[in-house]
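Undergrad: A single structure is presented below for examination.
The values are calculated or read from the model by the stated rules, or taken from the named source; none is laboratory data. All values reported here derive from a predicted model rather than from experimental measurement. When we count neighbours, we look across all protein chains shown, and the Cβ atoms used for this are built from the backbone with ideal geometry, even at glycine. What goes into the accessible areas is simple: the full protein's heavy atoms, side chains included, and nothing from ligands, DNA or RNA. Shrake-Rupley method; radii C 1.70, N 1.55, O 1.52, S 1.80 Å.
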Amino acid sequence: MKKWLYLLSIVTLFIASCSSETSTDPVDDTPMVSDDEPFVSTNPVRDFPGNFLPTGDSGGDILANDNFTNLEIQIAFVEGFRPTEEAMNNFESYLQEFSFKQEINVVYTQLDSPNEETLTLEEISDLELDNRTSYNSDDTLAIYIYFADAPSDGDDPDSNLVTLGAVYRNSSMVIFAQTIRDLAAQFSPISSINRSDVETATLNHEFGHLFGLVNLGTAMVNPHEDEEAANHCNVEGCLMRAELQFSNTGLKASAKGDIYAPACQITGHDIIKALQTRKSNAETVDLDTECRLDIEAIGARITSSTAKEY
Ligand SMILES: [Zn+2]
Ligand SMILES: [Zn+2]
């Protein structure tokens, strides 16, 4: 990480922290301008309230139409790292299965590489402020997903601990696209798992956290949070199960209170094992009944045909 970036991210962290809390400090919100000069903020964190909240805070708004009727997903990808069409089709089907949104619009933004060997979440957040163009508007809720060409800073490839994706705010997610490619390339010769499978599982799992799962902004109807892996499901076979996660990187859980803390870092080679098991049974990795009950309670579309038995 470059030192100046680190300093910049500390400044940004401070600003972001202010906006995420219900601060009672009157100085915090007082524009430093005279009365006759209109205040123009250059800080997108302030300009777009609702896009920079803690992870899981917007589950209801993503699923139901009370506040927003449309969804816009910005896929910001480093050149050469656009997700596959198959993965995006699967991802959009997943969203349409559970969300009542009238329109789900996907916007692609190609970006230059930041030329970093690894990326911290602070650096990813700084890149978001530079590159994000989709923000909430009157009837549209906007989500930003960054497809990175560098691995996560906390990875330990020698121990097979690699991060595939992470969520770090209510409408912000990162997919470590190069890491997914490396993992898929390693396993595809010996399994039927391909890059699209891993991209789909990572996107859908991480987006489950944006729905507020598990117990991450969305209350549980019945207790099913894994005792050893916070914010993950304890039901075997569920998309939100911790077996897909493996958070041994020391950077785990609890986004509440810390705007950059990853609620989840989906990691490890066990995702391949889980995908293989499902695929050999002609099944997809999907949300189980308990997770569906939770999101139904905050307004998700759950039809009898999608209510699966586990
Ligand atoms: Zn997770
Ligand atoms: Zn579950």
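Undergrad: Of (1) within 16 Å of ligand 1 (Cβ to nearest atom); (2) at pLDDT below 90; (3) within 21 Å of E85 (Cα to Cα), D197 satisfies all except one. Which?
TA: Answer for D197: the failing condition is (1).
Undergrad: So, one more: Mind checking which residues of segment 78-97 are of a type outside the set (A, V, I, L, M, F, W, C) and closer than 20 Å to T303 by Cα?
TA: N90, E92, S93, Y94, Q96, E97
Undergrad: Could you check segment 97-130 and list, in sequence order, the residues that are part of a helix (DSSP H, G or I), closer than 20 Å to S152 by Cβ and not hydrophobic (A, V, I, L, M, F, W, C)?
TA: E122, E123, S125, D126, E128, D130, listed by residue number.
Undergrad: Turning to a different aspect of this structure: Let me confirm something: among E116, E123, E72, E86, which residue is farther than 29 Å from N231 by Cα and of a type outside the set (A, V, I, L, M, F, W, C)?
TA: On inspection, the qualifying residue turns out to be E116.
Undergrad: Go over the candidates S125, S137 one by one and state the one that is over 18 Å from the mean Cα position of the chain (by Cα) and under 19 Å from R169 (Cβ atoms).
TA: Of the residues listed, the single one that is over 18 Å from the mean Cα position of the chain (by Cα) and under 19 Å from R169 (Cβ atoms) is S137.
Undergrad: For the condition open to solvent by 10 Å² or more (accessible area, probe 1.4 Å), in contact (Cβ under 8 Å) with a residue 60 or more places away in the chain and of a type in the set (D, E, K, R), what is the one hit in E92, E103, E117, E122?
TA: Testing whether each residue is open to solvent by 10 Å² or more (accessible area, probe 1.4 Å), in contact (Cβ under 8 Å) with a residue 60 or more places away in the chain and of a type in the set (D, E, K, R) leaves just E122.
Undergrad: Checking the condition assigned to a helix (DSSP H, G or I) and surrounded by fewer than 21 Cβ atoms within 10 Å (Cβ to Cβ), which residue from D138, D158 passes?
TA: After applying the criteria, what remains is D158.
Undergrad: Specify the residue that is farthest from ligand 2 (Cβ to nearest atom); the eligible residues are those in segment 294-310 that are at pLDDT 95 or above and either assigned to a strand (DSSP E or B) or open to solvent by less than 60 Å² (accessible area, probe 1.4 Å) (or both).
TA: Among those that are at pLDDT 95 or above and either assigned to a strand (DSSP E or B) or open to solvent by less than 60 Å² (accessible area, probe 1.4 Å) (or both), it is G299.
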